[in-house]
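Visitor: Attaching a single structure in structure tokens format; questions to follow.
The values are calculated or read from the model by the stated rules, or taken from the named source; none is laboratory data. If you're wondering where the values come from, they're calculated on a predicted model, not measured in any experiment. Counting neighbours? That spans all protein chains shown, and the Cβs are built from the backbone with ideal geometry, glycine included. The area values use the complete protein model at the heavy-atom level, side chains included, leaving out ligands, DNA and RNA. Shrake-Rupley method; radii C 1.70, N 1.55, O 1.52, S 1.80 Å.
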Amino acid sequence: MLSIKNLTVAVNGKEILKDFNLEIKAGEVHAIMGPNGTGKSTLAATLAGKEDYEVLSGEVIFKGKNLLEMDADERAREGVFLAFQYPVEIPGVSTTNFMKAAVNAKRKHNGLEPLDAKDFLKMMNEKSQLVEIKREFLSRSINEGFSGGEKKRNEIFQMAMLEPSLCILDETDSGLDIDALRIVANGVNKLRNAERSFLVITHYQRLLNYIVPDFVHVMFGGRIVKSGGKELALKLEAEGYDWVKEEVEMI
Amino acid sequence: MEVQKEFELAETAFTKESLPLRKNALEAFEKLGIPSMRHEEWKYTNIKAKLKQQLSLTTTDSQVNAAVKNYIASLPPYAFRLTFLNGVFHPELSIVPDLKGVTVCSLKEAFAHHTTLVEKHFGKLVNYSEEHFAALNTAFVTDGAFIHVQRNVIVNEPIYIQYFFTATDANAFTQTRNLVILEEGASLQFAEDFRNASNINVQYNHVAEVYVGKNAKVDVAKLQLEVSNAIGIHTLESSVERDGRFSAATITFSSPNTGTGNALIRNNVTARLVGENAHADLNGLYFGKETAHIDNHILVDHVAPNCTSNQLYKGVLNGEATGVFNGKIFVKPDAQKTNAFQSSKALLLSNEASINSKPQLEIFADDVKCSHGAAIGQLDENALFYLMARGITKEEATQILTYAFAHEVVDHVHSQPIRQFLCDKLKDELQLNF
Ligand SMILES: Nc1ncnc2c1ncn2[C@@H]1O[C@H](COP(=O)(O)OP(=O)(O)OP(=O)(O)O)[C@@H](O)[C@H]1O
Ligand SMILES: [Mg+2]
């Protein structure tokens, strides 16, 4: 599904990702943990195609295609989805209209006709139930005045609408109360299948109780320094990052 | 323009009742001429260079063409409308309302049949001894619409006053005029709709005078949606009496499609709040592409105390388009407890587009609340990325964000049918199908 090799990325001339490597197969769930400022969001944004991120070297192959050659919109139509750490508020455009444009852009890309109003509405109903989002939220301006938790739910709703193959969740659990966390995690779990992969960035092991990962990676100074199974997250939760840091420094 | 000679031709074209006033205006225009950029109000709009030398004020061509027929066919079949082609009234293309307490007819007819009423109001709101184009218009008016609404009469359906240009004479400089009078407690919605339905460049100069009586309400939409290859000068003067409300939305989509670079639209919109507790909303939305030039000069004149006003203008400029925003708020010494608000925002979508934006507040009373804000900027990069990250192309994302920026002005249009009409037009213009 996704193969990242020796990826080095700079922002404003400063190297953030350094020689980063990661392999994700179809259907797998990978979690990335790591202290603040180690480059987790930079990785997510680079994969999604944000322009300010300058790729100095390395390659990213997504479903056999060179991802780095595509603009952000093309990547999304090819099946990359980023649930933002900080979803953007856009006054004046409803989530409904936004999703209509996005769903139809993807359909056009796949050589399909735009959805008619009835089918679109049906789809909206179905997917909004998945994350228990109220219909009134969808007619409001995108994220405008939404609470932190509501914004995150809206991200997962959009993910459900667009049915991507690679879902990157950047701290989707931050700012969620216990009920919302369960709802969002359930939504994600319903979307799990053999063809869809997940890259879950989080600070808290708690999320991984709900979304059980196949692999857990620890990121440090712009690269993955340790990988393991779900038990690695438990160890990090209990002991913090110091022991990983020591291991790294010893090498 | 050989004004004197042209006037001899024009003398008999309009009613003899109007002749003394028109002669005064002619005299004023001969003194004023066409303003140059040295004139403070025309500093950023070089109208003198744009207007051709050999313009004709007395052309009579008034052909119906396919573009006009198609447009009329696209309107709701029942909509009240007065249709003018190159300034000439066409009753056969119009649906003139026949309502109790409401008089709607051409200005020519009004001069002949409602002489007292017209003479009391015509030319009294515009200052033709100082305003160049008001003077020219007053002297050379071809025709226009007259609407009078009697006391406490509410007109529920909007009236569309349509000015089409179908001329084949590239030198025609059309002079049209509306006079709208609302008595106490009356209410009216109308649109002044300008379209270039020809394939040549057109020039026109339009004036409207609107009287809003005590506790009366007027909603006017100035629609300049197909003014490609046009030089259009618009003047809208209103006076609002006690408890009256006047709202005007000026919508300009100027996208020259033949690239002649001639599109120039100037709007002078004035609301004079002459009675206590009156209110004015002057809103505007303009889109300029290629070499279009769109100039909005607005004035809210607070004469009486306890009045409120809002100005909300938004512009989207692309290509090498230029915009001018000049928003004046005058607060006269008696106008205590005035509450006036102004906001002007422009979105520049290219490096070559530019705008000159100037608020002008002149306050001569001490107990007032006035605020103004101006912002000029580009599209929000984060918002653009957010939309693109969902698979929407950069072009469409730009259109969506432009829609988000612009729709606020359309939302402010009071008249529901006109608001809906504009909302659809805005989506058309931005090629959005949601
Ligand atoms: N636009 C930018 N300009 C300069 N530095 C930046 C920019 N974006 C990110 N950085 C820096 O890059 C580093 C990595 O940031 P990033 O957001 O990827 O961290 P993170 O691992 O996601 O942290 P957190 O856990 O706090 O979300 C930080 O030091 C940050 O300050
Ligand atoms: Mg982050």
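Visitor: Under 5 Å between amide hydrogens, which residues at least 5 positions from B:F341 or on another chain qualify, with H placed 1.01 Å from N in the peptide plane?
Guide: Under 5 Å from the amide H of B:F341: B:S309, B:N310, B:Q311, B:S371.
Visitor: Still on this structure, please answer the following. By the scheme Lys and Arg +1, Asp and Glu -1, what is the net charge of all other residues having a beta-carbon under 15 Å from that of A:A180?
Guide: Working: positive: A:K134, A:K151, A:K152, A:R153, A:R182, A:R206; negative: A:E132, A:E150, A:E155, A:E171, A:D173, A:D177, A:D179.
Neighbour charge sum, excluding A:A180 itself: -1.
Visitor: Which value does Rg/Rh take for the range A:98-251 over its C-alpha atoms, Rh per Kirkwood? List each step's numbers first, then the result.
Guide: On the way: Rg = 18.2 Å, Rh = 17.4 Å.
That ratio is 1.05, to two decimals.
Visitor: Oh, and also: With only Lys, Arg, Asp and Glu charged, each at its Cβ (+1 for the first two, -1 for the last two), find how big the charge dipole of the range A:47-198 is about the Cα centre; round to the nearest 20 debye.
Guide: With only Lys, Arg, Asp and Glu charged at Cβ, the dipole is about 660 debye.
Visitor: Hey, another quick one. With a point put 7 Å past each Cα toward its Cβ, work out how far B:A79 is from B:D424 in nm, to one decimal.
Guide: 0.7
Visitor: Report ³J(HN,Hα) in whole Hz for each residue of the range B:341-347, in order, from the Karplus equation J = 6.51 cos²θ - 1.76 cosθ + 1.60 where θ = phi - 60°; Gly and Pro get x.
Guide: 9, 9, 9, 10, 10, 9, 10
Visitor: Given the rule -39500 (n - 2.57) for each run of at least 4 DSSP H residues, summed and divided by the residues of chain A, what is its mean residue ellipticity at 222 nm, to the nearest 500 deg cm²/dmol?
Guide: Helix-only estimate at 222 nm: -12500 deg cm²/dmol.
Visitor: Over the alpha-carbon set of the range B:379-434, work out the extent along each principal axis and list the three values in angstrom, largest first.
Guide: Answer, in whole Å and largest first: 37, 19, 14 Å.
Visitor: Same structure, new question: As a check on your grasp of the helix formula, calculate [θ] at 222 nm for chain B: sum -39500 (n - 2.57) over DSSP H runs of n ≥ 4, divide by the residue count, round to the nearest 500.
Guide: Mean residue ellipticity, 222 nm, calculated: -6500 deg cm²/dmol.
Visitor: If I take every Cα pair under 8 Å that is 6 or more residues apart in the range B:3-378, average their sequence separation and divide by the length, what percent do I get for the relative contact order?
Guide: 11
Visitor: For the protein assembly as shown, with the dipole built from +1 on Lys and Arg beta-carbon atoms and -1 on Asp and Glu ones, taken about the Cα centre, which of A:I142, B:G323, A:L112 lies farthest toward the positive end?
Guide: A:L112
Visitor: A further question on this structure: Need the C-alpha centroid separation for the range B:307-367 versus the range B:198-258, integer Å.
Guide: Between the Cα centre of the range B:307-367 and that of the range B:198-258, the gap is 17 Å.
Visitor: Taking chain B as the region of interest, what is the percent of Cα-Cα pairs per 20 angstrom bin, listed from the shortest bin to the one with the maximum distance?
Guide: Final binned percentages: 26, 61, 13, 0.
Visitor: I've got another one for you. Find which of A:L7, B:I265, B:Y44 sits farthest along the positive direction of the dipole of the protein assembly as shown, computed with +1 on the beta-carbon of Lys and Arg, -1 on that of Asp and Glu, about the Cα centre.
Guide: Farthest along the dipole direction, towards plus: B:I265.
Visitor: Okay, next question. Defining a contact as two alpha carbons under 8 Å apart and six or more residues distant in sequence, what relative contact order in percent does the range B:327-400 show? Intermediate values should be presented prior to the final figure.
Guide: On the way: 88 pairs, mean separation 27.4, N = 74.
Relative contact order of the range B:327-400: 37 percent.
Visitor: A further question follows. Using a 1.4 Å probe and counting only protein heavy atoms, how much accessible surface gets buried when A and B come together, both sides summed, in Å² to the nearest 100? Walk me through the numbers on the way to the answer.
Guide: Details: alone 12270 and 17760 Å², together 27980 Å².
That pair hides around 2100 Å² of surface in total.
Visitor: Given a 1.4 Å probe, how much area per residue of chain B is accessible, in Å²?
Guide: Accessible area per residue, chain B: 38 Å².
Visitor: Here is a further query. To the nearest 20 debye, what is the magnitude of the charge dipole of the protein assembly as shown about its Cα centre, counting +1 on the Cβ of each Lys and Arg and -1 on the Cβ of each Asp and Glu?
Guide: Numbers: 72 positive and 87 negative charges, 128 e Å.
In total the dipole reaches around 620 debye.
Visitor: Using the Kirkwood formula on the Cα atoms of the range B:285-434, what hydrodynamic radius do you get, in angstrom to one decimal?
Guide: 16.9
Visitor: What would the Debye formula give as log10 I(q)/I(0) at q = 0.11, 0.15, 0.20, 0.23 Å⁻¹ for the alpha-carbon point model of the range B:132-232, no solvent?
Guide: Here log10 of I(q) over I(0) equals -0.38, -0.65, -0.98, -1.15.
Visitor: Express the relative contact order of the range B:381-434 as a whole percentage, based on alpha carbon pairs under 8 Å and six or more residues apart in sequence.
Guide: 33
Visitor: One-quarter of the Cα convex hull surface for the range A:74-171, in nm²?
Guide: Approximately 6.0 nm², given one-decimal rounding.
Visitor: A follow-up question, please. If Rh is defined by the Kirkwood formula over all Cα pairs and Rg also comes from Cα, what ratio Rg/Rh do you get for the protein assembly as shown?
Guide: Rounded to two decimals, Rg/Rh equals 1.09.
Visitor: May I ask you to give the percent of accessible area on chain B that is carbon plus sulfur, with a probe radius of 1.4 Å?
Guide: 47
Visitor: Direction-averaged shadow area of the convex hull around the Cα atoms of the range B:26-126, nm²?
Guide: Convex hull of Cα atoms, orientation-averaged projection: 10.2 nm².
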